[in-house]
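S.K.: Right, I'll just put the structure down here and ask away after.
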Amino acid sequence: MAVYDYCMFLNENDLFELKINQHWNFVDKFIVIEAGETHTGLKKTFNFDQERFKKYSEKIIYVTFDNFEEEMKKPENQILINIWNNQPNQPDAWKRDNFQGNYIIKVLQELGAKDDDIIYGGSIDELLKEEAFYEALKLFAAPAQWSTAPPKWNFSIGSLSTKDILSGKALYEPYQPEGHPLELKYFWEATGKPQLLPTKVCRPIVGFHMDWYAYKFNLKSHIKSPMGLLAEHSTYKQLLPSTMRHMGLSTHKPIGSPSYPAGWHFTFLDDSEGDMTKEKQRSWAHSEDKDGTYADWGEINEKEELVLRLFIEHRLQKEEIKPGIFPQFLLDNLDKFKNYLYTGSVEEYIKNKVWEKYLDTGAVEEYIKNKVWEKYLDGCL
């Protein structure tokens, strides 16, 4: 059994260094997949610093492709396209995101990955605690168990299918976390082809409760949603990674809890005053969202406004950097990561930025009513 960690890559060399050190002891190969375009279709350079990571090269597999449209048209890559990519009004950005997220299937096939190999599918900013990984791994220790129930579904992605899996004799029923915005039922109804989604899978799918941070390492978000996904290669051959990720599928309760998190999600990590935030926003698929947390963010052009929205939407609170709370590699290299640490006052930042932007228009009260949680701003204004 081998353990693979894979992620898509934009420009996050510093964050990848933190991740590879945090995961080094329990991962055999790190697969980094970078495209020559952003998910919004902008041309980009290949930013992964191979020279910087030369000392880690024994475990790194770096994969690139230039153009989404050309890559998605290749016959051998049709198995990587999610079934809802052809749904009406599906933004092109999400088609690209899904395709790159599924590209790991092609890479694993070329590497000759075995069915019982363990795959950690998380964004580059989703880091696990070592003890949480081994806690999750216990769920995979038992051999596959098969029921005698007749098949309830019929699912195939071509040459990657496995006879035992396709028999329908499976043990686990995937479910979604409470409050997840996408429901399994929606995809059955939207596709009109319910047989395309399995009602059962044969092996575990496991997520993780992570502490969320945004913009800087020490700015903690109020969000508590489980992240990351651990599953066997055999499961990835039943359900594409992007399908599992977007639908929040799992077969067990997430490892960890809000009180005892299993890792860290460092979203929008930025070593500047908003330049990286703006670069991510103009690059990722959420910039085309019409509802949810990031609705209308694609219309924001000023980096200052984007940073302010991060503070407000995530209700960011400054947290002390100390052992047991943050990754050890971060604690050992605080000087290297000093530009990723917030040194000011969150309350003063919110107060000054909101006041500065909306006082002259007389719209402060309306802004607070519509955009800011009252509890978060108690005492700030």
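S.K.: If Ser123 satisfies all but one of (1) outside any helix (DSSP H, G or I); (2) touching a helix residue (DSSP H, G or I) at 6+ places or on another chain (Cβ under 7 Å); (3) at pLDDT 90 or above; (4) not aromatic (Phe, Trp, Tyr), what's the number of the condition it fails?
M.R.: The single condition Ser123 does not satisfy is (2).
S.K.: Among (1) surrounded by fewer than 19 Cβ atoms within 10 Å (Cβ to Cβ); (2) over 13 Å from the mean Cα position of the chain (by Cα); (3) modelled with pLDDT of 80 or more, which single condition is Ser225 missing?
M.R.: So the condition that Ser225 fails would be (2).
S.K.: So Tyr215 ticks every box in (1) in contact with a helix residue (DSSP H, G or I) (Cβ under 7 Å, 6 or more places away or on another chain); (2) closer than 27 Å to Ile105 by Cβ; (3) buried (at least 23 other Cβ atoms within 10 Å of the Cβ) but one. Which box is left unticked?
M.R.: (2)
Rundown of residues vs (1) among the charged types (D, E, K, R); (2) part of a helix (DSSP H, G or I); (3) at pLDDT 95 or above, yes/no style:
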| position | (1), (2), (3) |
| --- | --- |
| Asp5 | yes, no, yes |
| Phe16 | no, yes, yes |
| Ile20 | no, yes, yes |
| Ile33 | no, no, yes |
| Phe46 | no, no, yes |
| Gln50 | no, no, yes |
| Tyr56 | no, yes, yes |
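S.K.: Would you please list the contacts, defined by Cβ atoms under 7 Å and residues six or more apart or on different chains, that run from a residue in region 225-253 that is under 20 Å from Ile79 (Cα atoms) to a residue that is among the basic types (Lys, Arg) and at pLDDT 85 or above?
M.R.: His233/Lys114
S.K.: So which residues in region 126-141 are assigned to a helix (DSSP H, G or I), surrounded by fewer than 20 Cβ atoms within 10 Å (Cβ to Cβ) and of a type outside the set (D, E, K, R)?
M.R.: Residues of region 126-141 that are assigned to a helix (DSSP H, G or I), as a first pass: 130-140.
Filter again for surrounded by fewer than 20 Cβ atoms within 10 Å (Cβ to Cβ), leaving 130-131, 134-135, 137-140.
Passing the criteria: Tyr134, Leu137, Leu139, Phe140.
S.K.: Quick one: is Lys74 within 30 Å of Phe326 (Cβ to Cβ) and modelled with pLDDT of 90 or more? I'd like the intermediate steps shown before the answer.
M.R.: Details: within 30 Å of Phe326 (Cβ to Cβ): no; modelled with pLDDT of 90 or more: yes.
Answer is no for this residue.
S.K.: Pairs under 7 Å by beta carbon, first residue free of Cβ contacts under 8 Å to residues at least 60 places away in the same chain in region 301-317, partner part of a helix (DSSP H, G or I) and surrounded by fewer than 16 Cβ atoms within 10 Å (Cβ to Cβ), six or more apart or different chains?
M.R.: Lys303/Asp275
S.K.: Taking the condition of being more than 15 Å from Phe9 (Cβ to Cβ) and surrounded by 17 or more Cβ atoms within 10 Å (Cβ to Cβ), how many residues in region 103-114 meet it?
M.R.: If we filter region 103-114 for residues that are more than 15 Å from Phe9 (Cβ to Cβ), which is where we start, we get 105-106, 108-114.
Imposing the further condition that a residue be surrounded by 17 or more Cβ atoms within 10 Å (Cβ to Cβ) reduces the set to 105-106, 108, 113.
Summing the residues that are more than 15 Å from Phe9 (Cβ to Cβ) and surrounded by 17 or more Cβ atoms within 10 Å (Cβ to Cβ) in region 103-114 gives 4.
S.K.: Let me ask something additional. Regarding Lys318, is this residue within 30 Å of Asn98 (Cα to Cα), out of contact with any His (no Cβ under 6 Å at 6 or more places or on another chain) and at pLDDT 70 or above? So that I can check it myself, show each step before the final result.
M.R.: Numbers: within 30 Å of Asn98 (Cα to Cα): no; out of contact with any His (no Cβ under 6 Å at 6 or more places or on another chain): yes; at pLDDT 70 or above: yes.
No; evaluated as a whole, the condition is false for this residue.
The values are calculated or read from the model by the stated rules, or taken from the named source; none is laboratory data. For clarity, every value in this text was computed on a predicted model and none was experimentally measured. Positions of Cβ are backbone-derived with ideal geometry, glycine not excepted, and every protein chain shown enters the neighbour counts.
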